[in-house]
1. Given the criterion surrounded by 10 or more Cβ atoms within 10 Å (Cβ to Cβ), charged (D, E, K, R) and touching a residue at least 12 places away in the same chain (Cβ under 8 Å), identify the matching residue among R15, R75, R91.
2. Across segment 18-29, what is the total count of residues that are open to solvent by 100 Å² or more (accessible area, probe 1.4 Å) and modelled with pLDDT under 80?
3. If the Cβ limit is 9 Å and pairs must be 6+ apart or interchain, which residue in segment 32-61 that is polar (S, T, N, Q) pairs with which residue that is at pLDDT below 80?
4. Name every residue in segment 53-64 that is surrounded by fewer than 15 Cβ atoms within 10 Å (Cβ to Cβ) and either closer than 24 Å to A42 by Cα or among the β-branched types (V, I, T) (or both), in order of residue number.
5. Taking segment 47-96, which residues are within 18 Å of the chain's Cα centre (by Cα) and in a loop (DSSP other than H, G, I, E, B)?
Amino acid sequence: MARQSVGFDPDDFSRLARETGDRLRRSRQDLDLGRAGYCPFAALYGAYYQVEPDEVGLVTRFGRFVRTCNPGPARQVPFGIEQVQKVPVQRQLKQEFGFRTATPTFRGSFHKDDKTRPRRSC
């Protein structure tokens, strides 16, 4: 009576190793193609920015001031080499203490009433 082996055939092992190697090579090629397609997209996306109408952009390269940008679309060197800080220069903020603005014009008129008068404590 001949004895049959119930194990793993060495030919099957070499075939399985070849197939696994082929799969890894194909997946590596797919990964390289994905990276090659992603890098230009990331560079274009990172190079574009928009400065709003009431802002000015301050561009720094490696932390050192390089230039200012006026409102509108602009571009920069991507990947963190240049960075933009947007500074609102046309916005004017004010707080009113003890009076209220009656008409909000350049030379507005102001008035006091019972709500804005300081209360005295005894």
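1. Residue meeting the stated conditions: R75.
2. Number of matching residues: 5.
3. none
4. Correct list: R61, F62, G63, R64.
5. E52, F62, G63, Q76, V77, P78, F79, G80, I81
The values are calculated or read from the model by the stated rules, or taken from the named source; none is laboratory data. Quick caveat, the model's predicted, so the values are computed rather than measured. We place every Cβ from the backbone using ideal geometry, glycine too, and count neighbours over all the protein chains shown. In case anyone asks, the SASA skips ligands and DNA or RNA and just uses the protein heavy atoms, side chains included. Shrake-Rupley method; radii C 1.70, N 1.55, O 1.52, S 1.80 Å.
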